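Below is one structure, written out as structure tokens; the observations come after it.
The values are calculated or read from the model by the stated rules, or taken from the named source; none is laboratory data. These numbers come from a predicted model, not from an experiment. All Cβ positions, even for glycine, are placed from backbone atoms using ideal geometry, and neighbour counts span all protein chains on display.
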Amino acid sequence: MVMPTRKLGSQGLQVSAIGLGCLSMSQTDKPQQEMIQLLHTAIDSGVTFLDTSDVYGSNANELLIGQALKGGRRDKVQIATKFGIKSISPETGLTVTGDPVYVKEACNGSLKRLGVDCIDLYYIHRIDTTIPIEITMGALKELVEEGKIKYVGLSEASPETIRRAHAVHPITAVQLEWSLWTRDVEEQVIPTCRELGIGIVPFSPLGKGFFSSVPVLTEDLAVTDVRRQFPRFQGENLEHNKALLEKVHQMAKNKDCTTSQLALAWVLYQGEDVCPIPGTTKIDNFKQNIGAVSVKPSHEDMSELETIASMIMGDRYPDAILPRIQGENFDHNNVIIERISEMAQRKGCTLAQLALAWVLHQGDDVAPIPGTTKFENLNQNLGSLGVTQTAEDMAELLESMASFKGDRVPEQFFVHSYKNSDTPPLSSWKHE
């Protein structure tokens, strides 16, 4: 089998039709030499598009790629790496930066770890929403002019950000999640890329492993695997989705291919400007994946697959769970709510009316905006205007509320709350 190539963007980047996502190679306990062997197998098979990031394995993934490319293999591949995520923490989430000074420091670090003079495709891994995208792009344009990078890409960017970035310097590729499993990008992001002539690089093209030939199910995942938290892998959603997976499996069987090959073929058939980057740590899985280029789904196949995909249940990622309604916090706070409910009963009003009355009694310059979708609730809320509060009521409520347990929102969301919303003074911004 000869691996076909595809053109990404309009600046000249040519890559293999299927790339190789390398993240998982730094999340395994397999020996490094096995991962290098996998990378060599990929290159020898014609897969030339290797995707990494400075944050994968805390720099380890780039070092692995650098090791694998020694011995004359550098000229056979196109290296895509990323910058912008300074750290990942369960407590604070992602720390993202697009500061121009950091951009150049990050690039120099990646060049050193990869052992190359120039990065083929350099992505902004996540968008720093605290500074204009034009500022970050300005630094990337300078890196192109300095010969340190050839092409610029974005990852998880909105249509407006893509347009603004592209106006500063041509964007060659946008990386995003796109598969039978996740299709929301089809509404606005994909059309924007195509309008501007930007290539599309889908990550997780097998739906977080759900459409792999040995499908990833919750019971097979390690206790620490984050996918256990994904709604699509849980409870009734999982049972429903497993039935859909069986339909795809039967379709694949009829076409004499594997489930993963059919799912990847669906992605490949979205257009010649699309290059998926499935990841794996196993040579057998890799060989199965690249076999997708030989699968030819018919128009009827594509339609049937999309019908099945439209029935997938569960959100892409879990909603944030509020600390005050979890575990011991919930049990503790429930007792306090009972106490406040008794107060409301004594005053001849509802719990909601008492809570709103407390807000209203903070001052005549206060106007709360409770939301609802029900007339009954709206009328109840308006009834809070007739609830009077004595000084003793206010004191009792304050005492009860002071003993609530748990943060208002998960700690990582405070990063983007009013508590951390100060920006630098305008006078501090230096325009180049």
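Quick look at the values:
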| read-out | value |
| --- | --- |
| Matching residues in segment 10-22 - criterion: being over 14 Å from PRO202 (Cα atoms) and not in a strand (DSSP E or B) | SER10, GLN11, GLY12 |
| Matching residues, segment 373-400, being assigned to a loop (DSSP other than H, G, I, E, B) and modelled with pLDDT of 85 or more | VAL387, THR388, GLN389, THR390 |
| Checking ASP256 against (1) at pLDDT 95 or above; (2) within 21 Å of the chain's Cα centre (by Cα); (3) farther than 27 Å from THR28 by Cα, the condition it does not meet | (2) |
| Criterion violated by SER89 - all others in (1) over 30 Å from PRO191 (Cα atoms); (2) crowded, with 19+ Cβ neighbours inside 10 Å; (3) touching a residue at least 60 places away in the same chain (Cβ under 8 Å) satisfied | (2) |
| Matching residues in segment 23-34 - criterion: being over 12 Å from GLY57 (Cα atoms) and outside any loop (DSSP other than H, G, I, E, B) | GLN32, GLN33, GLU34 |
| Test result for LEU64, in contact with a Gly (Cβ under 8 Å, 6 or more places away or on another chain) and in the same structural domain as TYR123 (by TED's automatic domain parsing) | yes |
| Count of segment 56-69 residues which are modelled with pLDDT of 95 or more and surrounded by fewer than 22 Cβ atoms within 10 Å (Cβ to Cβ) | 3 |
| Test: residue in segment 58-67 that is free of Cβ contacts under 8 Å to residues at least 60 places away in the same chain, under 30 Å from THR130 (Cβ atoms) and part of a loop (DSSP other than H, G, I, E, B) | yes |
| Leading residue by the ranking (surrounded by the most Cβ atoms within 10 Å (Cβ to Cβ)) among those in segment 5-42 that are in contact with a helix residue (DSSP H, G or I) (Cβ under 7 Å, 6 or more places away or on another chain) and farther than 30 Å from SER87 by Cα | ALA17 |
| Segment 322-366, subset over 41 Å from the mean Cα position of the chain (by Cα) and of a type in the set (Lys, Arg), residue modelled with the lowest pLDDT | ARG339 |
| Segment 68-102, subset outside any strand (DSSP E or B) and among the hydroxyl-bearing types (Ser, Thr, Tyr), residue farthest from VAL116 (Cα to Cα) | THR92 |
| Subset of segment 279-298 that is of a type in the set (D, E, K, R) and part of a helix (DSSP H, G or I) - its residue that is nearest to LEU180 (Cα to Cα) | LYS287 |
| Residue in segment 31-46 that is without any contact (Cβ under 8 Å) to a residue 12 or more places away in the chain, of a type outside the set (Val, Ile, Thr) and within 21 Å of PRO276 (Cβ to Cβ) present | yes |
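Per-residue answers, yes or no, for (1) buried (at least 20 other Cβ atoms within 10 Å of the Cβ); (2) over 20 Å from ALA173 (Cβ atoms):
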{"site": "THR259", "(1), (2)": "yes, yes"}
{"site": "LEU268", "(1), (2)": "yes, no"}
{"site": "GLY279", "(1), (2)": "yes, no"}
{"site": "ASN289", "(1), (2)": "yes, no"}
{"site": "GLU300", "(1), (2)": "no, yes"}
